[in-house]
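One structure below.
The values are calculated or read from the model by the stated rules, or taken from the named source; none is laboratory data. Predicted model only: the values in this text are computed from it and were never measured. Cβ coordinates were reconstructed from backbone atoms using ideal geometry, including for glycine residues, and neighbour counts include every protein chain displayed.
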Amino acid sequence: MDVPELKTSVFVLPETNTKTSTERVIVLNAIAGRVIEARRKIHDEYVFTYRGNPIARLHNSGWKTAWRKAGLPVETGITRGVHNLRHSFGRRLRGAGVPLETRKLLLGHANGDITTHYSAAELKELLDATEKIVDRNVAQTPTLTLVSRKSENVGKVSAKEKGLAAVNC
């Protein structure tokens, strides 16, 4: 579908073609867009073909051959499918600082927890996060205060029974 005001096009997947049974918009960056446009000129109807026929399956012998020729791992326990591209995409988005909600939409996830599976924190990100508390120019850490309400109607076990009365730590 063309989007002339943004000088681009997007793919719209109908709800019948998505895992979540909802219509989904697929956007491409400039490089992916150029690849698609170059492929469109090869066949009148299909973008991805092999010897003039549409590619019906993603995890096919061509993918397996390319994986092996690229020298990627083939040991037992290594996932070797096209699905790995989603993980790479998610990790690159996170590495670029793309917010969780945007990554969630780009990956087509209904649940943000699934998105974090595809874009878990890298070790460098975790190290940088721990260093952020070093140079705060504050002599004392903030006080942690837990607040609870005393009510028989709140929760199955009261905060007092859990030992969570208001406490400064």
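At-a-glance table
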{"quantity": "K124 vs. criteria closer than 30 Å to E45 by Cβ and more than 12 Å from the chain's Cα centre (by Cα)", "calculated": "no"}
{"quantity": "Filter result (closer than 24 Å to F11 by Cα and part of a loop (DSSP other than H, G, I, E, B)) within the stretch 60-77", "calculated": "N60"}
{"quantity": "Residues of the stretch 82-113 classified as in a loop (DSSP other than H, G, I, E, B), surrounded by fewer than 13 Cβ atoms within 10 Å (Cβ to Cβ) and of a type in the set (V, I, T), total", "calculated": "1"}
{"quantity": "Test: residue in the stretch 52-69 that is more than 17 Å from the chain's Cα centre (by Cα), of a type in the set (A, V, I, L, M) and either surrounded by 12 or more Cβ atoms within 10 Å (Cβ to Cβ) or not assigned by TED's automatic domain parsing to the domain that holds E122 (or both)", "calculated": "yes"}
{"quantity": "Leading residue by the ranking (surrounded by the most Cβ atoms within 10 Å (Cβ to Cβ)) among those in the stretch 12-42 that are of a type in the set (A, V, I, L, M) and assigned to a helix (DSSP H, G or I)", "calculated": "I36"}
{"quantity": "Qualifying residue in the stretch 46-59 (condition: within 21 Å of H109 (Cβ to Cβ) and either of a type in the set (V, I, T) or not in a loop (DSSP other than H, G, I, E, B) (or both))", "calculated": "no"}
